[in-house]
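Following: one structure in structure tokens, then a few remarks.
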Amino acid sequence: AGPMQVERFMSPGWLSNTWLVSDRPGGKGVLIDAGGPFEPVAARIAELRLEVTHLLLTHHHVDHVAHAQACGQRFGCALCGGAPEGELFAGAGLALERPLADGDEFETGGLRVRALWTPGHTRGQFAYLLNDAHVFTGDTLFSGSVGGTRATGHGSFEELRESLLTKLLSLPPRTEVHPGHMESTTIGREAEHNPFLLAFRGQGRAGERPGRAFGRPVDVLLEAQDYDGGTKAWVRFLDSGELAVVPGSRLS
């Protein structure tokens, strides 16, 4: 696996990214997620004369799969995603041509792809590590924030924390992080500065204040800025003891 080029195409509404990764002009490429604007992606692929071989989907939410079928039809690329997300993809009208298991690896041109199962935001959420240098994290890890655990098909807070602290933070600090929304970052930067990761490791300033989330009483353990300019919160539901990460807009 050699040098690679990473380009981002972001939806102005969802702020969701489609990532185009190529090994060289006139070579092979892959797409990660398909919620960004389709035509600029297609134009860039044509400009670089790329053969796009795979579309790697991190999870089934519409802001990540909206143009998946169009990508498959236009570029002839195989639709790939985590096997544990298979039923959820089917519910979104997508049939995976290549279901992936945790740790699966393959090469296309000068690109080497490793699939990483990172449940929490959804139960079949996957990240993709390319050439051991760039990780595409979907809605698990953002610059300064993390994914929520109350969306459709969600997993548990414990799964999210394990995915973040054990799987993603085990990557080298210099690893480039390309999230499903907004700008890129690095593993080292997030390990040092992401308030959620610090709190989950017992190093941050997590405290407790009363509130309500989804109409239920909670202790708010941490509220910090999210990628969209709003906030996200780590909470404990008082009626069950369940921990969760929720949008700040659902707090009162």
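The values are calculated or read from the model by the stated rules, or taken from the named source; none is laboratory data. Since the model is a prediction, treat every value here as computed from it, not as a measurement. Please note: Cβ atoms are built from the backbone with ideal geometry, for glycine as well, and neighbour counts cover all protein chains shown. Remember, those area values only see protein heavy atoms, side chains included, never the ligands or the DNA or RNA. Shrake-Rupley method; radii C 1.70, N 1.55, O 1.52, S 1.80 Å.
Can you pull out the residues in the range 117-133 that are of a type outside the set (Ser, Thr, Tyr) and open to solvent by less than 10 Å² (accessible area, probe 1.4 Å)?
Result: 120, 124, 125, 126, 127, 129, 130.
Cβ contacts < 7 Å: first residue farther than 21 Å from residue 31 by Cα, restricted to the range 177-192; second residue open to solvent by less than 10 Å² (accessible area, probe 1.4 Å) and polar (S, T, N, Q), any location; separation 6+ or different chain. Result?
Correct list of pairs: 187/175.
Would you check which residues across the range 2-21 are in a strand (DSSP E or B) and either touching a Lys or Arg at 6+ places or on another chain (Cβ under 7 Å) or of a type outside the set (Gly, Ala, Ser) (or both) and list them?
Scanning the range 2-21 gives 5, 6, 7, 8, 9, 10, 17, 18, 19, 20, 21.
May I ask you to verify whether residue 136 is among the aromatic types (Phe, Trp, Tyr), open to solvent by less than 10 Å² (accessible area, probe 1.4 Å), in contact (Cβ under 8 Å) with a residue 60 or more places away in the chain and outside any loop (DSSP other than H, G, I, E, B)?
It is true that residue 136 is among the aromatic types (Phe, Trp, Tyr), open to solvent by less than 10 Å² (accessible area, probe 1.4 Å), in contact (Cβ under 8 Å) with a residue 60 or more places away in the chain and outside any loop (DSSP other than H, G, I, E, B).
Looking at 19, 14, which one is at negative phi, buried (at least 18 other Cβ atoms within 10 Å of the Cβ) and aromatic (Phe, Trp, Tyr)?
One residue alone meets the criteria, 19.
Being open to solvent by less than 10 Å² (accessible area, probe 1.4 Å), of a type outside the set (Val, Ile, Thr) and within 21 Å of residue 131 (Cβ to Cβ) narrows it down to one residue among 103, 109, 36, 81; which is it?
81
In this structure, does residue 153 turn out to be touching a residue at least 24 places away in the same chain (Cβ under 8 Å), open to solvent by less than 50 Å² (accessible area, probe 1.4 Å), touching a His at 6+ places or on another chain (Cβ under 6 Å) and under 21 Å from residue 15 (Cβ atoms)?
no
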